[in-house]
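S.K.: Let me begin by handing over the structure; questions about it come next.
Every number here is computed from the coordinates shown, using simple stated rules; none is lab data. Keep in mind it's a predicted model, so treat the numbers as computed, not measured. Note that we place each Cβ from the backbone using ideal geometry, even for glycine, and neighbour counts take in every protein chain shown.
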């Protein structure tokens with residue numbers, strides 16, 4: 001089997017897995033964070049789990065970049081920088097800012113995330129830095145790149161800001177949950193997930209690739225059910241939870 005055939009099979013596979021994920025998460029909630037429960041095998045501290053499961057996303061696309069033939073391409077460098085801006089934060093900064101990092105996380109969840117991050121990083125990295133069309137510097141002024149990168153950066157900003165609100169909810173030593181307020185929490189229960197949807201939708205447009213589209217589709221399949229679960233959990237937990245809030249997309253969903 002040559003790499004092109006392998007790549008095509010892997011690309012189709014992401015869409016299949018996205019559909020299976022959306023269906024599975026319709027009936028069960030991934031067992032981490034507030035939804036942690038037994039029956040998912042051995043665990044490890046959640047900070048270590050976050051680092052281990054996100055690190056392959058940092059590494060895989062970087063390996064594809066440095067092994068490719070486009071290391072001097074401004075477009076390739078820009079796309080790599082966008083990706084790493086998200087994942088270096090998510091891997092090496094966010095986990096250490098969280099409180100409760102010793103709470104358990106199932107190893108099975110970590111391993112599934114590792115598999116996806118290697119798979120997804122390979123699909124996007126190989127297309128951008130080797131298998132896809134090489135785009136010249138003019139692509140940086142193409143409306144697709146400008147719109148896509150603007151959406152990506154807007155989503156990243158929403159993600160950072162929403163994380164900050166959540167991280168500041170608890171004082172040192174505090175446990176338990178509170179109603180988050182401010183920012184896009186005025187409109188939705190999961191603005192951090194909304195930010196990620198914007199990011200990877202923007203990425204798909206900026207890269208103008210099926211690999212990018214597959215990532216946006218999987219992100220929606222994974223995070224939309226989680227947002228719904230969080231939304232309904234908040235409503236059950238807090239009698240005074242704002243009734244006007246949506247789950248994921250302001251004023252819509």
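Results for (1) closer than 19 Å to residue 160 by Cα; (2) crowded, with 21+ Cβ neighbours inside 10 Å, shown as yes or no for each residue.
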| position | (1), (2) |
| --- | --- |
| 54 | yes, yes |
| 60 | no, yes |
| 63 | no, no |
| 68 | no, no |
| 82 | yes, no |
| 88 | yes, no |
| 91 | yes, yes |
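S.K.: Related question: Return the residue satisfying two criteria in turn: it lies in the stretch 82-110 and is in a helix (DSSP H, G or I) and touching a strand residue (DSSP E or B) at 6+ places or on another chain (Cβ under 8 Å), and of such residues it is nearest to residue 61 (Cα to Cα).
M.R.: Applying the first criterion (in a helix (DSSP H, G or I)) to the stretch 82-110 yields 82-97, 107-110.
Cutting the leftovers down to touching a strand residue (DSSP E or B) at 6+ places or on another chain (Cβ under 8 Å) gives us 107, 110.
Details: 107: 23, 110: 19 Å.
Out of the qualifying residues, it is 110.
Rundown of residues vs (1) within 23 Å of residue 13 (Cα to Cα); (2) not in a helix (DSSP H, G or I), yes/no style:
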site	(1), (2)
161	no, no
181	no, yes
205	yes, no
212	yes, no
218	yes, no
234	no, no
240	no, yes
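S.K.: If you scan the stretch 138-188, which residues turn out to be under 13 Å from residue 206 (Cα atoms), under 22 Å from the mean Cα position of the chain (by Cα), in contact (Cβ under 8 Å) with a residue 12 or more places away in the chain and surrounded by fewer than 18 Cβ atoms within 10 Å (Cβ to Cβ)?
M.R.: 144, 147, 150, 153
S.K.: Starting from the stretch 26-50, keep only residues that are at negative phi and without any contact (Cβ under 8 Å) to a residue 60 or more places away in the chain, then list their pairs with residues that are in a helix (DSSP H, G or I) and surrounded by 12 or more Cβ atoms within 10 Å (Cβ to Cβ) whose Cβ atoms are within a distance under 7 Å, requiring at least 6 positions of separation or different chains.
M.R.: Pairs that qualify, where the first residue is at negative phi and without any contact (Cβ under 8 Å) to a residue 60 or more places away in the chain and the partner is in a helix (DSSP H, G or I) and surrounded by 12 or more Cβ atoms within 10 Å (Cβ to Cβ), are 47/95; 50/95.
S.K.: Just to verify a result, which residue in the stretch 206-243, among those that are more than 24 Å from residue 113 (Cα to Cα) and in contact (Cβ under 8 Å) with a residue 40 or more places away in the chain, is surrounded by the most Cβ atoms within 10 Å (Cβ to Cβ)?
M.R.: As a first pass, look at the stretch 206-243 and keep what is more than 24 Å from residue 113 (Cα to Cα): 206, 208, 232, 234-243.
Checking which are in contact (Cβ under 8 Å) with a residue 40 or more places away in the chain leaves us with 206, 208, 234, 237-238, 240-242.
On the way: 206: 25, 208: 16, 234: 19, 237: 13, 238: 12, 240: 6, 241: 14, 242: 14.
It comes out as 206.
S.K.: I'd like the full set of residues that are assigned to a helix (DSSP H, G or I), surrounded by 18 or more Cβ atoms within 10 Å (Cβ to Cβ) and in contact with a helix residue (DSSP H, G or I) (Cβ under 7 Å, 6 or more places away or on another chain), limited to the stretch 22-50.
M.R.: Taking the stretch 22-50 as the starting set, the residues that turn out to be assigned to a helix (DSSP H, G or I) are 22-27, 33-35, 46-50.
Imposing the further condition that a residue be surrounded by 18 or more Cβ atoms within 10 Å (Cβ to Cβ) reduces the set to 25, 46-47, 49-50.
Correct list: 25, 47, 49, 50.
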